[in-house]
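Everything on this sheet refers to the single structure shown next.
Nothing in this text is a laboratory measurement; each read-out follows from the coordinates by a stated rule. From a predicted model like this one, the values you see are computed outputs, not experimental measurements. Methodologically, a virtual Cβ is constructed for each residue, glycine included, from the backbone with ideal geometry; neighbour enumeration extends over all protein chains shown.
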Amino acid sequence: MKSLIKTVIFDQQKPGWSKRFIKRSIPDGIIESESIVVISGIRRCGKSTLLNQIRVENKERDYYFNFDDERIIHFEVDHFQLLHETFIELFGVQKTFYFDEIQNIAGWERFVRRLHDAGNKVILTGSNVNMLSRELGTHLTGRYVQIELFPFSFTEFLSFKQFTYGEKDFYSTEGKVELLRYFNGYFNTGGFPLYVKEGRDDYLKALYESILYKDVLVRNKLVSERELLELVNFLASNVSKLTSYNGLTKVTGVKNATTIRNYLSFLQDTYLIFQISKFDYSLNKQIQNLKKTYFIDNALVRRLGFMFSEEKGQLLENIVFLELRRRGFEIFYHSNRYKCDFLIKQGIKIVQAIQVCYAFDSAQTKTRELKGILEAMEVYGLTKGLILMHDTTEQVIEENGLTVNILPVWKWLLRYESRNLII
């Protein structure tokens, strides 16, 4: 095993980083802190690249090991000590460790804790949020900080496309047309780096199959492939729409609502989907209420679902959800007489209501969307609300002392992203 470990170490030594890559943002002070750093996110969103970005900026960069390598399929927890000894033998004593996809090895958290308690810095990645959370929570409570990584944001997408913009482009005719053109590209291709670069549908197919088979079926010892495929296809075809466990049993043929709940949990663990609840001050009611499902990326929604062109509003809503999730907000939806797509909760209060609409293509649509957000604002004591649309002139609507700002989504994404603001 030692000889194999040496081979893998040397084969993996060259940092997977180039100046041509897009630098991902890292919260200030995290790398310099004493905490274990956990980079989590879906497969192929750039976790390994971020890990190598951190490596090349650090003097100590040799203690790197990627556990998503078929040659070490027989690596077990007992081999961690051998790995550490091999690092010292090859590179001398260093205090910084980089571990990629470490959750593949059962018992990893005990080794990482031992390294941390001995004064070492450990930076690791993982693709399964539940396994990471369970193991971190059990053995590493208070010892780690987490960076959740997503596919490219619109800002990162523009950087990848080498398109630069300034404040004047938000207002000039030429600038707005160019930004909308790029946003339409982002709307369709999403933000997985390699898919943005090459646009190959077979890449999306391979990515989805890796998630489904390796991260869901194999990891959770499931055998009902057809049921899971039908569930994902239905959710992708109905992104942002309300669903219930019992309702999903009927459309997928799964007999038990508990099985559906488990499937959804497994899918969320991989970051493929996210679900939000109707806001209620009762936690029990929140749990029982219908859920809205969103996907990690629009390109995957298009690949997995069956959607008509008039359902572009669902894809626009998916983009807005992802940006809110990327910013770390706690998100709910509102439903009473009318509906509002997103409520943002901070502490015990709802602090923002956001409605998403592709276009006011009729007076009826405009009335419905306004009634939804105004009702939410009144219920939660808000004086300002936000409606985001595909392409619209910036507007402000005043009604009964309430202010509703209307913005195109592309402008909201670019103007407010870096300042972590909502409106």
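What the table shows:
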{"quantity": "Theoretical FRET efficiency, 1/(1+(r/R0)^6), r = Cβ-Cβ of residue 170 and residue 30, R0 45 Å, to 0.05", "calculated": "0.90"}
{"quantity": "Length-normalised contact order of the chain in % [C-alpha pairs under 8 Å, at least 6 apart]", "calculated": "12 percent"}
{"quantity": "Fewest-first ranking of 345, 59, using other Cβ atoms within 10 Å as the exposure measure", "calculated": "59, 345"}
{"quantity": "In sequence order, calculated HN-Hα J values of the range 144-160 (Karplus, 6.51, -1.76, 1.60; Hz; x Gly/Pro)", "calculated": "9, 10, 10, 10, 8, 9, 10, x, 3, 6, 5, 4, 5, 4, 5, 4, 4"}
{"quantity": "Angle in degrees between helix 47-56 and the longest Cα principal axis of the chain, rounded to the nearest 10", "calculated": "60 degrees"}
{"quantity": "Residue order, fewest to most surrounding Cβ atoms within 10 angstrom, among 404, 409", "calculated": "404, 409"}
{"quantity": "Tensor-based shape of the range 310-423 (alpha-carbon gyration tensor, a/c under 1.5 rounded, otherwise prolate or oblate)", "calculated": "rounded"}
{"quantity": "For q = 0.17, 0.19, 0.21 Å⁻¹, Debye-computed log10 I/I(0) when each Cα of the range 1-159 counts as one equal scatterer", "calculated": "-1.04, -1.32, -1.63"}
{"quantity": "Residue-averaged 222 nm ellipticity for the chain, from DSSP H runs of 4+ at -39500 (n - 2.57), nearest 500", "calculated": "-12500 deg cm²/dmol"}
{"quantity": "Euclidean distance between Cα centres, the range 137-175 to the range 240-292, Å", "calculated": "29 Å"}
{"quantity": "Prolate/oblate/rounded call for the chain, Cα gyration tensor, a/c under 1.5 rounded", "calculated": "prolate"}
{"quantity": "Loop trypsin sites (Lys or Arg not before Pro), the range 176-281 (other Cβ atoms within 10 Å of the site Cβ: 13 or fewer; DSSP)", "calculated": "200, 221, 255"}
{"quantity": "Amide H contacts of residue 356 (H built 1.01 Å from N, under 5 Å, at least 5 apart or other chain)", "calculated": "341, 388"}
{"quantity": "Neighbour-limited loop hits for chymotrypsin sites (Phe, Trp or Tyr not before Pro), the range 8-38 (at most 10 other Cβ within 10 Å; DSSP other than H, G, I, E, B)", "calculated": "none"}
{"quantity": "Cα long-axis angle, helix 363-379 against the chain (0 to 90 degrees, to the nearest 10)", "calculated": "70 degrees"}
{"quantity": "Taking 265, 40 and counting other C-beta atoms within 10 Å, the order from fewest to most", "calculated": "265, 40"}
